[in-house]
Every structure is written in C-alpha cells, then in structure tokens.
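Q: Sharing a structure below in structure tokens format, with a few things to ask.
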Amino acid sequence: MFGYYLHLAFRNLRRNPGLTALMIGAVALGIAVCVMTLTMYRAMSGNPIWWKNDVLYAVTLDAWDPKEPYNEDKPELAPWQLTYRDATALMESDIPKRKLIMHKAIGVLALDGQTVKPERALTRVTTKDFFTMFDVPFQYGGGWTDAADKGPEPVLVLSKKMNDKFFRGENSVGRRIHWDDREFRVVGVLDHWLPLPTFYDVNNGALEEPEDVYIPFGWSVPLELDSAGNTQGWKPEDIETYQEFLASETIWLQMWVELPDAASQQRFQAFIDNYASRQKQAGRFQRPLNNRLTKVDQWLIDNEVVENDDRVLVGLAFAFLAVCLLNTVGLLLAKFLNNAAITGVRRALGASRRQVFFQHLVEVGVISSIGAVLGLAIGGLLLMGLRALYAIDPTDAGGTQALAHVDLTSVVTALALAFFATIAAGLYPAWRIGRIPPAIYLKAQ
Amino acid sequence: MLEMHGISKIYRTDLIETHALRDFSLKVGDGEFVAVTGPSGSGKTTFMNLAGLLETFDTGTYRLDGEDVSRLSDEQRSKLRNEKIGFIFQSFNLIPDLDIFDNVDVPLRYRRLGKKDREQRIRNALDVVGLSSRMHHMPSQLSGGQQQRASIARALAGDPRFLLADEPTGNVDSLMARQVMDLLEQINEMGTTVIMVTHDPELAHRAHRNVHIVDGQISDFKPYEPRDDVPAMDVAPAAVAMSPA
C-alpha cells in the first residue's frame, strides 16, 4: 500500500500547487534557520577532542599587572598566554606525558622554479608533541623529532590543502619547499582535520581553520618570528631587540600539557606553583598566585566560545521552526479537509480510518522530505551568506570560513529534525481527517 | 442476507434531537431487488448509510450475512464494506483527478489484490457497463450517464454481495435513467442483491419489492414475488419485511 499512498501523495500535491508550495516553503524555512543556527552552535560549542578531555590541560600563570586583572569581567582567570621565559621554563618539566608551546605566524610557501604561485600561509610554530597530543591525522609521513625542535632542523608539515596545491595531492614527504625564503623538507602531510572550535588557540576566534603549515618551535628565535595572534603586555618596557622581546613580560605563547592521571596532574600543578613562587620571590608575579591547569571543556567556557546569546539564538531558531510547523499544521488541515469528500468516498469504498491516516501521513512525509532537502539547501546558502558577510580578509583561509562545512552529522540531524518535526505536525491533521464521518460528504458532493 | 431489527438512529445537536430511524426493522434476502421510497427527510439515506456500514446506530441489531455488525471495529467494518458492499451514489462520487480505470481500481486497492487480478476485474467491470473504450478518460470528460455507469463499474469490480444505490438516476436524464435501471436489473439477475433508494415510482415499480419509509419507519411494503420475466436464480430470496412496532 505504501507505493499506492506515495502515488496518491504526489497526485494530491500536484492538485494544489500553491498550497503545496506554501507548506513546503514553511517547513524549508524553519529547517533552514535551524540548520544554520545549529551548525553555528555546534561549531562553537562542541568539544572537538572530548575523548582526551580529562588528560589535556591548558597551562596559565598570572604574571599580569598587580593593579588590575587581565580580564575585568572574569578577574579569577589568569591570562591565557605565557611569556617566552615562563613558557620555556615550564617546558623543562618532565612530568607531563606530552607538552607543547606554540604560537601562530604567517609565512609564504613557494616552490623552486615551479609554476605554482607562492601562497601566503598561516603557520603554527610548535613543538613536536602537537600532533600526538591533539590526535592530528596524517595522510603521509608524520611529525618531527625532538632533535628537529632543538636543532632546529628545516622540516615542516603541510596541511592537505597546501599539499594538494603545491604537490597535487601526491606523497610529498622528502620534497623541498620554501617557507619565507628558507628551504624546508616536508616530513608529513595532514589528512582532513577540522577541529571546531579550534580549542588549542582561540586567539582570532574559535572558528579558525587549522593552519596550513607547521614548523618546529626552535625556528622562532633564529628567524625572530612574531606572533600572528595576540601579543599583549601590561607594563611599559623598552623593547628594541628580539632578545629584549623574549625577556619581556609580553605574553604571546600558548602552552598545553598531557597529564594522563590525577597524580601527574597534582605533581605538575605543584611544579608550576613552585615556579610561580620562585618568580614571586624574584619580584615578578605580584598578583596572588593563580596558576591554572584547565581542561578543554572548561577552557572553551572560560574563553566564551559558547555564550548565552548563542543558546538564546538556538532557542529562537527552534521557536521559529515551531511557528513554521504550526502554520504547516493549519495548511495541512485546510488541505485535508478540502479533500474530505474524496476521503469520504474512499471510506465508503473500504478504506479504514487507519488506512486513511497512513495515506495522509505518507503525504505529510513527502512534504517533509521535500521541505527538508530544500531547507538544507537554503541553510547552506544562509551559511555561505554568513561566511561572505563576516569574511574580513578574503585571502584568509580561516575565520568564519569553517561555518561553510556542514558535516554529515549536521545533515543527518537536520534531515531527522525535518522528518520527525513535520510528521509530528502532520499527525493531528491526518488523524482528524480519518475521524470525519464519510456519510455527510457522499450525499453532498 | 441483510437483517435489521429495532434499529434507532438519532442525530443530536446542542439544540435538537432528530430521530432519523425509529425501531426500524427490515429483512432483505439474497438476490432481492428492493426499492426504498419515501418523502425527503423520511430516513431513506440514513437507512442506506447504516446498511452500508457508513454510520453506527443507537439501538437495535443489524446482521449482514449472519454477522452482527454492531460489535465490529472500524477496521472490520471497513473490510466488510469493501468486500461485500458496493455503493452507487446520486452524484456518482467519482474522484475527479483519477481516470476511470483508477477510479474503478480504488476499492480493489484496499482489498490488496495483485496487479493482474485488479486489472482483470477493472476491465470486466468496465465491459459490463460498456465503458471499456473510455477507461482512460477523466470523469469530467464523460456525460452524467457515463459517469454513473463508471460508478456502477466501480461498485461491481469488487464483486459485492450487496449493491446499495442511493438515487442512482437522480442526476441523469430519463433515457439514461432507464439504461442505468436496465443495468441494475442485469446485475441483480446475476445474483447481486440490490437495494435502491428512489423517488421515481416507475423505477420503484421495476424492483421486486418496495419499502416505503415515512418518519423513520416503514409505512408500507410489498412482499417479494418472483417476476415471470426474470429468469430463475440459484438463490431463493425469501425476503420478509417486518412492519415496525
């Protein structure tokens, strides 16, 4: 009977194209707004490395201005970046299973004597554990060694996108490429990797795409690299040279550690507390000690990646969907009741209430399916519009461009949402039409 | 056999109660052709709706082919309606956006018959009513008489035991009315019990028996007597209509 009901559904939808378009449009609009809002919310609120939430920690120390806190809205929080001297000192600890310090930089990638145009590339300057700590997938090769960090050795890891551009997606491990006029050897190529939000560095917003290139942190000093993220200081300092910059109270480095159990966590907490105390005795760290090891989920909250406004927006989107569905219920009722005479004939010819109910439910299902597909398409367009609206620098691969990635989970969620919501909305009209006594229409038709 | 005993049907609104049928009793035997007559509002259509299991009644008993229908669920009533009853309506009630073939197909779909079986039944039914050449016409492309013949084909396709016709000639001209009546007689001669509501005394006279309803009660009836011009049937329609108390 399903095939017959489906045949009738399409026939009935064609009978009232205007009404059909209104219903599908209402469902599609509601779904589109929900898809867009949910995608944004999911991109901003998810913990993309939830499986390591209990072992990964952001390390922060409070060496800020003794007269005022780093964040006046949240005075209990320490600055979320470290000075070079503090970061490198903490890296001396062998308590963490893995540890890293890093910053963002910008370089230009180019090939020798090739026709591929050079490309400005966001670069993460980091220590070797970045890839293993954050479970970064590789398409070819892998990360670098401790020796490469210390050397430093001219090695780098490319994103899949850059490898596709410069090496046409081939295995480029061992190949040479220039990064800011210096020749590097490719040791690894990342597979598709899009942790949203980009928890490990919320410098320029949490919707940045991961960087295009990764080079050893050891290159920071010899190349005198500046941070392409935030660089902040709280006291006037005469900084003329790079060495003076490194020795200053300027914060610009992020530090993460992997502590596999409570014991190591306590030991490392004691280690940074001792370090801060020693610094305090030496005249630094004039604020009350506030040394923090923060898990990823708390880190996202502290940095206001998810704000109350976002939750309200999701609520409003669902309220809008509810309004659209209520309108659809009204339209469905009008449509079904308009055809009540035909339903009366069908009842007289042997259709039971249950069969009438399912026939109309299939029609609702067709409307919901078409509405869902259309809603997904409109949602995609809205996201593209948002991307265009917020893209400050069109050459910037990061920023809100990540919003354009509606992944499979979002698609499945949207389809399920559309289907079940519309079916739920259609239950009453489909039930109602089956309850109408057929006799009253048979004489009057 | 259709057997109603002491049936009452009251339509209620907030303000009034209308007694459509009062203590209504009637037996219709297998193979009978019964004409139901009466003034407007007398309860003829209510009787047809109850007989066709389209409505429920308030008191009394109704047995269709020996089965007490008052205790059946909607599902069971629908199945019984689909398998044993064929309807012919005054206004034809063809579904306007289905062609004649698909209209005749409707009751067969609900019986879940196979495609070949359905097609065969549809073609046979359209053959009987002389509409084989119009099977892919839409209802709006047919005359009133043709539409009524199509609705008769739809009723016949399911091979029903009972054919309930509510003013089947009410919307066609006199010539076409006679043709429709001829068709109903043919169908009755093939063994199908026909119950027909009509205002037309001439058509009523052609039935085996007349039942006259006034104010929801049978006021007169003519016992069934086999006609000389009708061939003998296998069934023995010993119908007895009971006067209401």
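The values are calculated or read from the model by the stated rules, or taken from the named source; none is laboratory data. Quick caveat: nothing in here was measured; it's all calculated off a predicted structure. Cβ atoms come from the backbone with ideal geometry, glycine included; neighbour counts cover every protein chain shown. We work out accessible area using only protein heavy atoms, side chains counted, and drop any ligands, DNA or RNA first. Shrake-Rupley method; radii C 1.70, N 1.55, O 1.52, S 1.80 Å.
Q: Please tell me which of these pairs span more than 28 angstrom C-alpha to C-alpha: A:LYS52/A:LYS235; A:LYS335/B:LYS116; A:LYS74/A:LYS295; A:LYS104/A:LYS161; A:LYS117/A:LYS150; A:LYS74/A:LYS280?
A: Beyond 28 Å: A:LYS52/A:LYS235; A:LYS335/B:LYS116; A:LYS117/A:LYS150.
Q: Please compute the average number of Cβ atoms from other chains found within 10 Å of each residue's Cβ in peptide A:349-359.
A: For peptide A:349-359, the averaged partner shielding equals 6.
Q: How much length is gained if the chain between A:THR115 and A:GLN266 is pulled fully straight, taking 0.36 nm per residue apart and subtracting their Cα-Cα distance, in nm to one decimal?
A: So the extension gain works out to 48.9 nm.
Q: To continue, here is another question. For the protein assembly as shown, just list the percent of Cα-Cα distances falling in each 10 Å bin from zero outward, please.
A: 3, 12, 17, 14, 10, 8, 8, 8, 9, 7, 4, 1, 0
Q: While we're here: So, taking all protein chains as they sit and a 1.4 Å probe, how much accessible area belongs to B:ARG111, in Å² rounded to tens?
A: About 50 Å², ignoring ligands and nucleic acids.
Q: What average count of beta carbons from other chains do you get within 10 Å of the Cβ of residues in B:50-57?
A: 3
Q: What distance in nm lies between label points placed 7 Å from Cα along the C-beta direction at B:GLU75 and A:GLU72?
A: It works out to 7.1 nm between the two label points.
Q: Heavy atoms only, probe 1.4 angstrom, no DNA, RNA or ligands counted: give me A:VAL187, A:VAL157, A:VAL412 ranked by accessible area, highest first.
A: A:VAL412, A:VAL187, A:VAL157
Q: Moving on to the next point. In whole percent, how big is the carbon plus sulfur part of the accessible area of segment A:1-145, probe 1.4 Å, protein atoms only? Each step should come with its number before you reach the end.
A: Working: 3390 of 6120 Å².
The computed percentage sits at 55.
Q: Which FRET efficiency, nearest 0.05, do A:ALA424 and A:TRP50 yield, Cβ-Cβ r, R0 30 Å?
A: Efficiency computed from Cβ-Cβ geometry: 0.50.
Q: So for segment A:108-234, averaging the separation of alpha carbon pairs under 8 Å that are six or more residues apart and normalising by length, what relative contact order in percent results?
A: Taking the mean separation of contacting Cα pairs over the length of segment A:108-234, I get 33 percent.
Q: To test your reading of the geometry: what angle, between 0 and 90 degrees and rounded to tens, separates the Cα axis of helix A:262-281 from the longest principal axis of chain A?
A: That helix lies at roughly 50 degrees to the long axis.
Q: Run through the DSSP bridge list for chain B and note the antiparallel percent, rounded to the nearest 5.
A: Working: 19 of 36 bridges.
If we restrict to bridges inside chain B, about 55 percent are antiparallel.
Q: Name the most mobile residue of A:GLU240, A:GLU224, A:GLU304, meaning the one with the largest mean-square fluctuation, in a Gaussian network model of chain A with Cα contacts below 10 Å.
A: Ranking A:GLU240, A:GLU224, A:GLU304 by mean-square fluctuation puts A:GLU240 first.
Q: Using a 1.4 Å probe and counting only protein heavy atoms, arrange A:THR37, B:THR61 so the residue with the most accessible area comes first.
A: Heavy-atom accessible area, descending, gives B:THR61, A:THR37.
Q: Under the definition of partner shielding as Cβ atoms of other protein chains within 10 Å of a residue Cβ, what is the mean value for peptide B:193-206?
A: 0
Q: Take the Cα coordinates of segment A:242-313, assign each an equal point scatterer, and use the Debye formula without solvent to give log10 I(q)/I(0) at q = 0.20, 0.22, 0.27 Å⁻¹.
A: Debye curve over Cα of segment A:242-313, log10 I(q)/I(0) at q = 0.20, 0.22, 0.27 Å⁻¹: -1.05, -1.12, -1.24.
Q: Just report the Cα centroid separation between segment B:191-212 and segment B:5-37, whole Å.
A: Comparing the Cα centres of segment B:191-212 and segment B:5-37, I get a distance of 17 Å.
Q: Which FRET efficiency value, to the nearest 0.05, is calculated for B:ARG178 and A:LEU326 with the Förster distance at 45 angstrom and r the Cβ-Cβ distance?
A: 0.25
Q: Further, regarding this structure: Angle, helix A:408-435 long axis vs. longest principal axis of chain A, Cα atoms, 0 to 90°, nearest 10?
A: Approximately 20 degrees, to the nearest 10.
Q: For chain A, what is the relative contact order in percent, using Cα pairs closer than 8 Å and at least 6 residues apart in sequence? Can you show the working numbers first?
A: Details: 756 pairs, mean separation 127.5, N = 445.
After rounding, I find 29 percent.
Q: Can you give me the C-alpha center-to-center distance between segment A:1-19 and segment A:136-200, rounded to a whole angstrom?
A: That distance is 55 Å.
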